[in-house]
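The values are calculated or read from the model by the stated rules, or taken from the named source; none is laboratory data. Nothing here was measured: the structure is a model prediction, and the numbers come from that model. Virtual Cβ from ideal backbone geometry, glycine too; neighbours counted across all protein chains shown. Areas reflect the complete protein model, heavy atoms only, side chains present, ligands, DNA and RNA absent. Shrake-Rupley method; radii C 1.70, N 1.55, O 1.52, S 1.80 Å.
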Amino acid sequence: MKFEDLLSEINGFGRFQKMVLCINFFGRFSLACHFLLGNFIAVIPSHHCSISSLDADEIFENLTQEERLTVSIPVQDDGTPASCHMFSYPQFHLLSNSSSPSEVAVVQCQNGWEYDNSTFISTLATQWDLVCDKRALSRLTTTIFFIGVMCGAAAFGSLSAMFGRKPMLLVSHMLGMGFGLCSAFSSSFIMFAVLRFFTGFTITGSVIISTILNVEWVSIEHRKLVGVIDSLSWTFAFMSFPLVAYFIRDWRWLTVAISLPTVTAIITWWWVPESARWLIANGRVDKAHYYLHKCAVMNRKKEIIVSIKPEVRKEIQNIRNRKYSYLDLVRTPKMRKLALLTGITWFATVAYGISFNISSFGLNRYLTQFVYGAIEIPAKLSIYYLLDKFGRRITQAGSLLFVGISLMINIFIPKDKSVVRTVIAVLGKGCSATSFGTVILYSSELYPTVVRQNGMGYNSFVARLGVSVAPLILLSDDVWSHFSQVILSSLGLSAAFVAYLLPETRGRCLPETIEDVEGIGYGYVEKLSSLGN
(Lines give C-alpha, C1' and ligand atoms only; values in the text may rest on other atoms or scores of the structure.)
Protein backbone atom coordinates (compact mmCIF):
# COMPACT_ATOMS: atom_id res chain seq x y z
CA MET A 1 0.00 0.00 0.00
CA LYS A 2 1.44 3.37 -1.02
CA PHE A 3 1.40 6.30 1.36
CA GLU A 4 -0.80 8.38 -0.95
CA ASP A 5 -3.43 5.62 -0.90
CA LEU A 6 -3.34 5.37 2.88
CA LEU A 7 -3.58 9.13 3.30
CA SER A 8 -6.64 9.27 1.07
CA GLU A 9 -8.32 6.49 3.05
CA ILE A 10 -7.95 8.35 6.35
CA ASN A 11 -9.08 11.62 4.70
CA GLY A 12 -6.27 13.65 3.21
CA PHE A 13 -7.85 16.95 4.23
CA GLY A 14 -9.76 16.32 7.41
CA ARG A 15 -9.75 18.05 10.78
CA PHE A 16 -6.23 16.84 11.48
CA GLN A 17 -4.79 18.51 8.37
CA LYS A 18 -6.79 21.68 8.98
CA MET A 19 -5.39 21.87 12.51
CA VAL A 20 -1.82 21.64 11.21
CA LEU A 21 -2.55 24.24 8.54
CA CYS A 22 -4.05 26.70 11.04
CA ILE A 23 -1.15 26.33 13.48
CA ASN A 24 1.40 27.00 10.77
CA PHE A 25 -0.70 29.82 9.30
CA PHE A 26 -0.65 31.96 12.45
CA GLY A 27 2.87 30.86 13.33
CA ARG A 28 4.20 32.68 10.28
CA PHE A 29 3.12 36.18 11.32
CA SER A 30 6.39 37.16 13.00
CA LEU A 31 8.43 35.52 10.26
CA ALA A 32 6.98 37.58 7.42
CA CYS A 33 7.14 40.79 9.48
CA HIS A 34 10.87 40.31 10.04
CA PHE A 35 11.31 40.07 6.27
CA LEU A 36 9.82 43.56 5.86
CA LEU A 37 11.21 45.14 9.02
CA GLY A 38 14.06 46.85 7.18
CA ASN A 39 11.57 48.87 5.12
CA PHE A 40 10.74 50.86 8.25
CA ILE A 41 13.59 50.68 10.75
CA ALA A 42 16.30 51.35 8.13
CA VAL A 43 14.65 54.53 6.85
CA ILE A 44 16.89 57.61 6.72
CA PRO A 45 14.71 60.63 7.59
CA SER A 46 15.47 64.18 6.47
CA HIS A 47 18.46 65.54 8.37
CA HIS A 48 21.02 68.30 8.48
CA CYS A 49 24.14 69.11 10.49
CA SER A 50 23.68 70.06 14.10
CA ILE A 51 24.44 73.77 14.37
CA SER A 52 25.03 73.81 18.12
CA SER A 53 28.78 74.26 17.59
CA LEU A 54 28.17 77.56 15.76
CA ASP A 55 26.04 78.89 18.58
CA ALA A 56 28.64 78.64 21.33
CA ASP A 57 28.24 82.33 22.23
CA GLU A 58 24.46 82.22 21.85
CA ILE A 59 24.64 84.46 18.80
CA PHE A 60 21.54 82.73 17.37
CA GLU A 61 19.40 83.67 20.36
CA ASN A 62 17.24 86.21 18.46
CA LEU A 63 16.99 84.22 15.23
CA THR A 64 14.17 81.92 14.20
CA GLN A 65 14.95 78.30 13.41
CA GLU A 66 14.65 79.03 9.68
CA GLU A 67 17.10 81.93 9.96
CA ARG A 68 19.53 79.81 11.95
CA LEU A 69 19.55 77.20 9.19
CA THR A 70 19.99 79.89 6.55
CA VAL A 71 23.19 81.23 8.08
CA SER A 72 24.56 77.82 9.07
CA ILE A 73 23.69 75.28 6.37
CA PRO A 74 24.23 75.60 2.60
CA VAL A 75 21.20 75.03 0.40
CA GLN A 76 20.94 72.18 -2.10
CA ASP A 77 19.62 72.49 -5.64
CA ASP A 78 16.10 71.59 -4.52
CA GLY A 79 16.08 74.35 -1.91
CA THR A 80 16.43 72.11 1.15
CA PRO A 81 19.30 72.34 3.67
CA ALA A 82 22.33 70.19 2.83
CA SER A 83 22.44 66.91 4.69
CA CYS A 84 26.17 66.44 5.15
CA HIS A 85 27.78 69.89 5.11
CA MET A 86 27.66 73.14 7.02
CA PHE A 87 29.38 76.53 6.86
CA SER A 88 32.61 76.75 8.77
CA TYR A 89 31.26 79.93 10.41
CA PRO A 90 27.86 81.70 10.33
CA GLN A 91 27.02 83.58 7.12
CA PHE A 92 24.80 86.37 8.44
CA HIS A 93 24.81 88.22 5.14
CA LEU A 94 22.57 85.45 3.75
CA LEU A 95 19.70 86.85 5.80
CA SER A 96 19.55 89.78 3.40
CA ASN A 97 20.95 88.06 0.30
CA SER A 98 19.75 84.52 -0.34
CA SER A 99 22.51 83.72 -2.83
CA SER A 100 25.47 81.87 -1.39
CA PRO A 101 28.87 82.83 -2.88
CA SER A 102 30.81 79.83 -4.11
CA GLU A 103 33.93 80.82 -2.14
CA VAL A 104 32.23 80.38 1.23
CA ALA A 105 34.00 77.55 3.05
CA VAL A 106 31.91 74.53 3.92
CA VAL A 107 32.91 71.58 6.10
CA GLN A 108 31.44 68.24 6.98
CA CYS A 109 29.14 68.05 9.96
CA GLN A 110 31.17 68.76 13.11
CA ASN A 111 28.76 67.95 15.91
CA GLY A 112 26.37 65.29 14.68
CA TRP A 113 23.02 65.73 12.97
CA GLU A 114 19.49 66.88 13.65
CA TYR A 115 16.73 64.65 12.28
CA ASP A 116 13.14 65.15 11.21
CA ASN A 117 11.17 63.07 13.73
CA SER A 118 7.73 63.89 12.35
CA THR A 119 7.34 60.42 10.77
CA PHE A 120 9.72 58.20 12.72
CA ILE A 121 10.59 58.67 16.37
CA SER A 122 13.71 56.57 15.99
CA THR A 123 15.37 54.53 13.25
CA LEU A 124 18.72 52.82 12.85
CA ALA A 125 20.01 55.95 11.10
CA THR A 126 19.02 58.29 13.91
CA GLN A 127 20.22 55.87 16.58
CA TRP A 128 23.75 55.51 15.27
CA ASP A 129 24.05 58.40 12.76
CA LEU A 130 24.08 56.13 9.72
CA VAL A 131 24.01 59.01 7.26
CA CYS A 132 26.31 60.66 4.71
CA ASP A 133 29.40 58.46 4.34
CA LYS A 134 27.75 55.80 6.56
CA ARG A 135 24.46 55.87 4.69
CA ALA A 136 24.92 52.44 3.09
CA LEU A 137 25.22 50.79 6.51
CA SER A 138 21.54 51.35 7.23
CA ARG A 139 20.42 49.40 4.19
CA LEU A 140 23.24 46.92 4.68
CA THR A 141 21.37 45.54 7.68
CA THR A 142 18.75 44.14 5.33
CA THR A 143 21.45 42.44 3.30
CA ILE A 144 22.98 41.02 6.47
CA PHE A 145 19.59 39.71 7.56
CA PHE A 146 19.03 37.93 4.26
CA ILE A 147 22.52 36.47 4.30
CA GLY A 148 21.48 34.97 7.62
CA VAL A 149 18.28 33.68 6.03
CA MET A 150 20.34 32.22 3.19
CA CYS A 151 22.71 30.36 5.51
CA GLY A 152 19.87 29.28 7.80
CA ALA A 153 17.95 27.79 4.88
CA ALA A 154 20.87 25.51 4.08
CA ALA A 155 21.44 24.62 7.72
CA PHE A 156 17.83 23.91 8.67
CA GLY A 157 17.20 22.09 5.41
CA SER A 158 19.89 19.61 6.37
CA LEU A 159 19.08 19.49 10.10
CA SER A 160 15.37 18.86 9.59
CA ALA A 161 16.19 16.11 7.10
CA MET A 162 18.40 14.45 9.73
CA PHE A 163 16.51 15.08 12.98
CA GLY A 164 12.96 15.53 11.78
CA ARG A 165 10.63 18.40 10.94
CA LYS A 166 9.02 18.85 14.34
CA PRO A 167 12.04 19.24 16.68
CA MET A 168 13.81 21.63 14.34
CA LEU A 169 10.62 23.68 14.01
CA LEU A 170 10.70 24.30 17.76
CA VAL A 171 14.40 25.19 17.65
CA SER A 172 13.69 27.69 14.89
CA HIS A 173 10.77 29.29 16.75
CA MET A 174 12.62 29.69 20.05
CA LEU A 175 15.93 30.93 18.68
CA GLY A 176 14.24 33.22 16.17
CA MET A 177 12.22 34.94 18.89
CA GLY A 178 15.23 35.10 21.21
CA PHE A 179 17.56 36.72 18.70
CA GLY A 180 14.80 39.06 17.52
CA LEU A 181 14.15 40.35 21.04
CA CYS A 182 17.86 40.68 21.81
CA SER A 183 18.44 42.71 18.64
CA ALA A 184 15.90 45.28 19.83
CA PHE A 185 18.15 46.10 22.79
CA SER A 186 21.44 46.30 20.89
CA SER A 187 23.92 48.82 22.28
CA SER A 188 25.85 49.26 19.03
CA PHE A 189 25.31 48.92 15.30
CA ILE A 190 27.71 45.98 15.08
CA MET A 191 25.80 44.16 17.81
CA PHE A 192 22.52 44.82 16.01
CA ALA A 193 23.92 43.61 12.67
CA VAL A 194 25.20 40.37 14.22
CA LEU A 195 21.89 39.68 15.97
CA ARG A 196 19.94 40.42 12.78
CA PHE A 197 22.08 37.85 11.00
CA PHE A 198 21.22 35.20 13.58
CA THR A 199 17.57 36.24 13.56
CA GLY A 200 17.43 35.60 9.83
CA PHE A 201 19.45 32.39 10.26
CA THR A 202 17.01 30.90 12.75
CA ILE A 203 13.57 32.05 11.57
CA THR A 204 14.04 30.65 8.07
CA GLY A 205 13.77 27.16 9.53
CA SER A 206 10.18 27.87 10.50
CA VAL A 207 9.40 28.99 6.95
CA ILE A 208 10.65 25.97 5.03
CA ILE A 209 9.74 23.35 7.65
CA SER A 210 6.12 24.46 8.10
CA THR A 211 5.65 24.52 4.33
CA ILE A 212 6.89 20.95 3.98
CA LEU A 213 4.74 19.73 6.87
CA ASN A 214 1.64 21.21 5.27
CA VAL A 215 2.31 19.57 1.91
CA GLU A 216 3.35 16.17 3.25
CA TRP A 217 0.20 15.68 5.30
CA VAL A 218 -2.43 16.34 2.61
CA SER A 219 -3.68 14.27 -0.31
CA ILE A 220 -2.94 15.01 -3.96
CA GLU A 221 -6.14 16.84 -4.77
CA HIS A 222 -5.77 19.24 -1.82
CA ARG A 223 -2.15 20.24 -2.29
CA LYS A 224 -2.99 23.30 -4.39
CA LEU A 225 -5.50 24.53 -1.78
CA VAL A 226 -2.92 24.07 0.97
CA GLY A 227 -0.36 25.91 -1.14
CA VAL A 228 -2.72 28.89 -1.52
CA ILE A 229 -3.60 29.02 2.19
CA ASP A 230 0.03 28.63 3.17
CA SER A 231 0.97 31.51 0.89
CA LEU A 232 -1.87 33.69 2.21
CA SER A 233 -0.27 33.57 5.66
CA TRP A 234 2.44 35.85 4.27
CA THR A 235 -0.21 38.16 2.83
CA PHE A 236 -1.90 38.39 6.23
CA ALA A 237 1.39 39.50 7.76
CA PHE A 238 2.22 41.89 4.90
CA MET A 239 -1.12 43.67 5.42
CA SER A 240 -0.91 43.71 9.22
CA PHE A 241 2.69 44.84 9.53
CA PRO A 242 2.28 48.40 8.14
CA LEU A 243 -0.59 48.92 10.62
CA VAL A 244 1.67 47.86 13.47
CA ALA A 245 4.50 50.03 12.13
CA TYR A 246 2.16 53.01 11.79
CA PHE A 247 1.42 53.04 15.52
CA ILE A 248 4.91 52.02 16.67
CA ARG A 249 7.39 54.53 15.24
CA ASP A 250 10.37 53.57 17.41
CA TRP A 251 12.59 50.89 15.82
CA ARG A 252 13.31 49.10 19.10
CA TRP A 253 9.69 48.64 20.12
CA LEU A 254 8.66 47.76 16.58
CA THR A 255 11.21 44.94 16.62
CA VAL A 256 9.86 43.75 19.96
CA ALA A 257 6.27 43.93 18.71
CA ILE A 258 6.88 41.60 15.77
CA SER A 259 9.08 39.16 17.71
CA LEU A 260 6.76 38.46 20.66
CA PRO A 261 3.91 36.81 18.69
CA THR A 262 6.22 33.82 18.13
CA VAL A 263 5.21 32.79 21.67
CA THR A 264 1.94 31.61 20.15
CA ALA A 265 3.80 29.44 17.65
CA ILE A 266 5.90 27.92 20.45
CA ILE A 267 2.81 27.05 22.51
CA THR A 268 0.88 25.53 19.60
CA TRP A 269 3.97 23.55 18.51
CA TRP A 270 2.92 20.77 20.90
CA TRP A 271 0.01 19.95 18.61
CA VAL A 272 2.13 19.84 15.44
CA PRO A 273 2.72 16.25 14.23
CA GLU A 274 5.95 14.92 12.82
CA SER A 275 5.88 14.18 9.10
CA ALA A 276 4.79 10.56 8.65
CA ARG A 277 6.54 10.53 5.28
CA TRP A 278 9.83 11.52 6.92
CA LEU A 279 9.40 8.87 9.62
CA ILE A 280 8.78 6.18 7.02
CA ALA A 281 11.73 7.36 4.97
CA ASN A 282 13.93 6.97 8.04
CA GLY A 283 12.68 3.51 8.96
CA ARG A 284 10.54 4.61 11.89
CA VAL A 285 7.34 2.94 10.74
CA ASP A 286 5.90 2.45 14.23
CA LYS A 287 6.21 6.16 15.00
CA ALA A 288 4.68 6.96 11.62
CA HIS A 289 1.80 4.64 12.48
CA TYR A 290 1.34 6.54 15.76
CA TYR A 291 0.79 9.85 13.94
CA LEU A 292 -1.32 8.22 11.25
CA HIS A 293 -3.47 6.79 14.03
CA LYS A 294 -3.87 10.27 15.56
CA CYS A 295 -4.80 11.60 12.13
CA ALA A 296 -7.35 8.85 11.59
CA VAL A 297 -8.93 9.36 15.01
CA MET A 298 -9.28 13.12 14.53
CA ASN A 299 -10.64 12.58 11.01
CA ARG A 300 -13.05 9.91 12.33
CA LYS A 301 -11.43 7.16 10.26
CA LYS A 302 -10.07 5.09 13.14
CA GLU A 303 -11.24 1.80 11.66
CA ILE A 304 -8.92 2.23 8.68
CA ILE A 305 -5.77 2.32 10.82
CA VAL A 306 -6.90 -0.55 13.03
CA SER A 307 -7.29 -2.78 9.97
CA ILE A 308 -3.70 -2.20 8.81
CA LYS A 309 -1.57 -5.14 9.91
CA PRO A 310 2.14 -4.81 10.69
CA GLU A 311 3.16 -6.59 7.52
CA VAL A 312 1.05 -4.20 5.46
CA ARG A 313 2.61 -1.22 7.19
CA LYS A 314 6.02 -2.53 6.25
CA GLU A 315 5.02 -2.45 2.62
CA ILE A 316 4.64 1.31 2.95
CA GLN A 317 8.34 1.53 3.69
CA ASN A 318 9.60 1.41 0.13
CA ILE A 319 12.42 3.84 0.83
CA ARG A 320 15.90 2.58 1.59
CA ASN A 321 16.92 3.36 5.14
CA ARG A 322 20.03 5.46 4.57
CA LYS A 323 21.12 9.02 5.24
CA TYR A 324 20.73 11.67 2.55
CA SER A 325 22.50 14.99 2.17
CA TYR A 326 22.75 17.94 -0.20
CA LEU A 327 25.13 15.92 -2.35
CA ASP A 328 22.18 13.72 -3.33
CA LEU A 329 20.75 16.72 -5.18
CA VAL A 330 23.56 16.46 -7.72
CA ARG A 331 24.60 12.79 -7.74
CA THR A 332 22.23 11.76 -10.52
CA PRO A 333 21.50 13.50 -13.86
CA LYS A 334 17.80 14.33 -13.48
CA MET A 335 18.23 15.48 -9.90
CA ARG A 336 21.05 17.75 -11.07
CA LYS A 337 18.84 19.22 -13.77
CA LEU A 338 15.99 19.64 -11.31
CA ALA A 339 18.24 21.41 -8.80
CA LEU A 340 19.64 23.71 -11.48
CA LEU A 341 16.25 24.75 -12.88
CA THR A 342 14.53 25.27 -9.53
CA GLY A 343 17.56 27.13 -8.19
CA ILE A 344 17.53 29.60 -11.08
CA THR A 345 13.76 30.07 -10.75
CA TRP A 346 14.00 30.83 -7.04
CA PHE A 347 17.03 33.09 -7.47
CA ALA A 348 15.28 35.25 -10.03
CA THR A 349 11.98 35.57 -8.20
CA VAL A 350 11.62 39.31 -7.79
CA ALA A 351 8.86 39.55 -5.21
CA TYR A 352 11.13 41.07 -2.60
CA GLY A 353 12.83 43.31 -5.13
CA ILE A 354 9.55 45.18 -5.55
CA SER A 355 8.66 45.04 -1.85
CA PHE A 356 11.90 46.76 -0.84
CA ASN A 357 11.30 49.71 -3.13
CA ILE A 358 7.95 50.74 -1.67
CA SER A 359 8.90 54.41 -1.25
CA SER A 360 10.02 55.06 -4.82
CA PHE A 361 6.55 55.61 -6.27
CA GLY A 362 5.73 58.82 -4.42
CA LEU A 363 2.99 57.58 -2.11
CA ASN A 364 2.77 57.10 1.65
CA ARG A 365 5.10 54.33 2.82
CA TYR A 366 2.51 52.69 5.10
CA LEU A 367 -0.32 52.90 2.60
CA THR A 368 1.79 51.53 -0.24
CA GLN A 369 2.97 48.57 1.84
CA PHE A 370 -0.63 47.85 2.86
CA VAL A 371 -1.77 47.99 -0.77
CA TYR A 372 1.07 45.68 -1.77
CA GLY A 373 -0.17 43.20 0.81
CA ALA A 374 -3.83 43.60 -0.15
CA ILE A 375 -3.17 43.03 -3.86
CA GLU A 376 -1.78 39.62 -2.97
CA ILE A 377 -5.20 38.39 -1.84
CA PRO A 378 -6.81 38.20 -5.31
CA ALA A 379 -3.44 37.27 -6.81
CA LYS A 380 -2.99 34.29 -4.52
CA LEU A 381 -6.63 33.25 -4.64
CA SER A 382 -6.24 33.10 -8.41
CA ILE A 383 -3.50 30.51 -7.92
CA TYR A 384 -6.12 27.90 -7.06
CA TYR A 385 -7.84 28.37 -10.41
CA LEU A 386 -4.64 28.76 -12.41
CA LEU A 387 -3.02 25.63 -10.99
CA ASP A 388 -6.11 23.62 -11.78
CA LYS A 389 -6.63 25.12 -15.25
CA PHE A 390 -3.07 25.49 -16.55
CA GLY A 391 -0.93 23.49 -14.14
CA ARG A 392 2.16 24.45 -12.15
CA ARG A 393 4.59 25.04 -15.01
CA ILE A 394 2.47 27.48 -17.05
CA THR A 395 1.35 29.36 -13.95
CA GLN A 396 4.93 29.74 -12.72
CA ALA A 397 6.39 30.78 -16.06
CA GLY A 398 3.48 33.08 -16.96
CA SER A 399 3.46 34.97 -13.66
CA LEU A 400 7.22 35.57 -13.85
CA LEU A 401 6.83 36.79 -17.42
CA PHE A 402 4.28 39.40 -16.36
CA VAL A 403 6.47 40.48 -13.43
CA GLY A 404 9.35 41.18 -15.81
CA ILE A 405 7.07 43.06 -18.21
CA SER A 406 5.60 45.20 -15.40
CA LEU A 407 9.04 46.22 -14.21
CA MET A 408 10.12 47.00 -17.75
CA ILE A 409 7.07 49.20 -18.38
CA ASN A 410 7.81 51.28 -15.29
CA ILE A 411 11.21 52.16 -16.72
CA PHE A 412 9.51 54.24 -19.41
CA ILE A 413 6.94 55.95 -17.18
CA PRO A 414 8.11 59.37 -15.83
CA LYS A 415 8.61 59.48 -12.08
CA ASP A 416 6.22 62.40 -11.71
CA LYS A 417 3.41 60.03 -12.79
CA SER A 418 3.42 58.49 -9.32
CA VAL A 419 -0.12 57.10 -9.51
CA VAL A 420 0.47 55.35 -12.84
CA ARG A 421 3.81 53.96 -11.63
CA THR A 422 2.20 52.67 -8.46
CA VAL A 423 -0.64 50.97 -10.39
CA ILE A 424 1.86 49.19 -12.65
CA ALA A 425 4.01 48.27 -9.65
CA VAL A 426 1.02 46.89 -7.74
CA LEU A 427 0.00 44.77 -10.74
CA GLY A 428 3.57 43.52 -10.95
CA LYS A 429 3.47 42.78 -7.22
CA GLY A 430 0.30 40.76 -7.76
CA CYS A 431 1.96 38.67 -10.45
CA SER A 432 5.01 38.33 -8.24
CA ALA A 433 2.81 37.06 -5.40
CA THR A 434 1.31 34.49 -7.75
CA SER A 435 4.79 33.43 -8.78
CA PHE A 436 6.11 33.14 -5.25
CA GLY A 437 3.02 31.31 -4.00
CA THR A 438 3.33 28.83 -6.85
CA VAL A 439 7.07 28.16 -6.65
CA ILE A 440 6.92 27.06 -3.01
CA LEU A 441 4.25 24.44 -3.69
CA TYR A 442 5.75 23.50 -7.04
CA SER A 443 9.23 22.87 -5.65
CA SER A 444 7.98 20.84 -2.71
CA GLU A 445 6.16 18.57 -5.20
CA LEU A 446 9.19 18.15 -7.46
CA TYR A 447 11.64 16.88 -4.84
CA PRO A 448 11.36 13.35 -3.39
CA THR A 449 10.63 12.83 0.30
CA VAL A 450 14.15 11.65 1.14
CA VAL A 451 15.66 14.98 0.05
CA ARG A 452 12.60 17.26 -0.01
CA GLN A 453 13.75 19.29 2.98
CA ASN A 454 17.26 19.48 1.54
CA GLY A 455 15.82 20.60 -1.78
CA MET A 456 13.71 23.32 -0.19
CA GLY A 457 16.66 24.40 1.94
CA TYR A 458 18.83 24.62 -1.16
CA ASN A 459 16.20 26.60 -3.08
CA SER A 460 15.68 28.97 -0.19
CA PHE A 461 19.45 29.42 0.08
CA VAL A 462 19.75 30.30 -3.61
CA ALA A 463 16.74 32.62 -3.49
CA ARG A 464 18.07 34.51 -0.49
CA LEU A 465 21.43 34.79 -2.19
CA GLY A 466 19.66 36.91 -4.79
CA VAL A 467 17.48 38.69 -2.25
CA SER A 468 20.47 39.63 -0.10
CA VAL A 469 21.85 41.79 -2.91
CA ALA A 470 18.47 43.40 -3.73
CA PRO A 471 19.01 46.38 -1.36
CA LEU A 472 22.41 46.93 -2.95
CA ILE A 473 20.85 46.74 -6.42
CA LEU A 474 18.48 49.53 -5.37
CA LEU A 475 21.47 51.65 -4.36
CA SER A 476 22.57 51.53 -8.01
CA ASP A 477 19.73 53.97 -8.77
CA ASP A 478 22.09 56.67 -7.51
CA VAL A 479 24.18 56.01 -10.63
CA TRP A 480 21.28 55.63 -13.06
CA SER A 481 17.68 55.96 -11.91
CA HIS A 482 16.46 52.91 -13.87
CA PHE A 483 19.38 50.57 -13.31
CA SER A 484 17.73 48.46 -10.60
CA GLN A 485 14.52 48.11 -12.62
CA VAL A 486 16.47 46.88 -15.65
CA ILE A 487 18.21 44.22 -13.57
CA LEU A 488 15.04 43.03 -11.83
CA SER A 489 13.00 42.91 -15.05
CA SER A 490 15.77 40.91 -16.75
CA LEU A 491 15.74 38.42 -13.88
CA GLY A 492 11.98 38.03 -14.13
CA LEU A 493 12.06 37.39 -17.89
CA SER A 494 14.93 34.93 -17.56
CA ALA A 495 13.16 33.04 -14.79
CA ALA A 496 10.03 32.71 -16.94
CA PHE A 497 12.00 30.81 -19.60
CA VAL A 498 13.72 28.58 -17.05
CA ALA A 499 10.48 27.77 -15.21
CA TYR A 500 8.93 26.57 -18.46
CA LEU A 501 11.60 23.83 -18.63
CA LEU A 502 10.43 22.28 -15.35
CA PRO A 503 8.21 19.16 -15.38
CA GLU A 504 4.50 19.35 -14.57
CA THR A 505 3.32 17.92 -11.22
CA ARG A 506 -0.43 18.51 -11.39
CA GLY A 507 -2.38 15.47 -10.17
CA ARG A 508 0.75 13.40 -9.53
CA CYS A 509 1.89 11.58 -6.42
CA LEU A 510 4.74 13.10 -4.46
CA PRO A 511 7.95 11.27 -5.35
CA GLU A 512 9.34 9.33 -2.40
CA THR A 513 12.80 8.34 -3.62
CA ILE A 514 15.50 9.65 -5.93
CA GLU A 515 14.88 6.56 -8.03
CA ASP A 516 11.33 7.80 -8.61
CA VAL A 517 12.65 11.04 -10.10
CA GLU A 518 15.30 9.27 -12.15
CA GLY A 519 12.66 6.98 -13.63
CA ILE A 520 13.77 3.71 -12.06
CA GLY A 521 11.36 3.66 -9.12
CA TYR A 522 7.82 2.33 -9.13
CA GLY A 523 5.91 5.37 -7.87
CA TYR A 524 6.77 8.46 -9.82
CA VAL A 525 8.15 6.91 -12.97
CA GLU A 526 4.84 6.39 -14.73
CA LYS A 527 3.88 10.03 -14.19
CA LEU A 528 7.20 11.77 -14.69
CA SER A 529 9.40 9.97 -17.19
CA SER A 530 11.76 12.83 -17.84
CA LEU A 531 12.44 16.38 -16.74
CA GLY A 532 11.12 19.04 -19.00
CA ASN A 533 8.26 16.98 -20.47
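Table for the structure above
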| read-out | value |
| --- | --- |
| Approximate spin-label separation residue 249-residue 110, in nm, with each point projected 7 Å along Cα-to-Cβ | 3.1 |
| Pair residue 331, residue 303: separation of 7 Å Cα→Cβ label points (nm) | 4.4 |
| Sorted peptide list for 205-212, 139-146, criterion being average Cβ within 10 angstrom, highest first | 205-212, 139-146 |
| Given 389/429; 166/294; 18/294; 294/323; 134/415; 166/301, the pairs whose alpha carbons are separated by over 18 Å | 389/429; 294/323; 134/415; 166/301 |
| Modelled FRET efficiency - R0 41 Å, residue 88 with residue 174, Cβ distances, 0.05 increments | 0.15 |
| Contact order relative to length of the stretch 354-465, as percent, for alpha carbon pairs under 8 angstrom and 6 or more apart | 32 |
| Positive dipole terminus of the stretch 67-215, leading residue within 76, 96, 152 (C-beta point charges) | 152 |
| Rounded to whole Hz, the Karplus (6.51, -1.76, 1.60) HN-Hα couplings of the stretch 206-211, x for glycine and proline | 4, 5, 6, 6, 5, 4 |
| Over the chain: helical MRE at 222 nm, DSSP H runs n ≥ 4 each giving -39500 (n - 2.57), nearest 500 | -20000 deg cm²/dmol |
| Mean Cα-pair separation over length for the chain, i.e. relative contact order, pairs under 8 Å, 6 or more apart, % | 20 |
| Relative contact order (percent, whole number), the stretch 133-275, Cα cutoff 8 Å, 6+ residue spacing | 34 |
| Peptide ranges 451-464, 335-348 listed from the most packed, as the mean C-beta count within 10 angstrom indicates | 451-464, 335-348 |
| Charge dipole (debye, nearest 20) of the chain; +1 at Cβ of Lys and Arg, -1 at Cβ of Asp and Glu | 2900 |
| Label-point separation in nm, residue 64 to residue 264, each point 7 Å along Cα→Cβ | 5.0 |
| Under 5 Å, built H, 5+ apart or other chain: amide partners of residue 48 | 114 |
| Computed accessible area, residue 93, all protein chains, 1.4 angstrom probe, square angstrom | 80 |
| FRET efficiency, residue 162 to residue 128 (Cβ-Cβ, R0 51 Å, nearest 0.05) | 0.80 |
| Lone cysteines, the chain (no partner Cβ under 4.7 Å) | 22, 33, 151, 182, 295, 431, 509 |
| Hz values of 3J(HN,Hα) by residue in the stretch 117-133 - Karplus curve (6.51, -1.76, 1.60), Gly and Pro given as x | 9, 5, 9, 10, 5, 7, 10, 4, 5, 6, 5, 10, 6, 8, 9, 6, 6 |
| For the stretch 331-336, 3J(HN,Hα) per residue [Karplus equation, 6.51 cos²θ - 1.76 cosθ + 1.60, θ = phi - 60°, Hz, x = Gly/Pro] | 6, 10, x, 6, 5, 4 |
| Amide H contacts of residue 275 (H built 1.01 Å from N, under 5 Å, at least 5 apart or other chain) | 165, 166 |
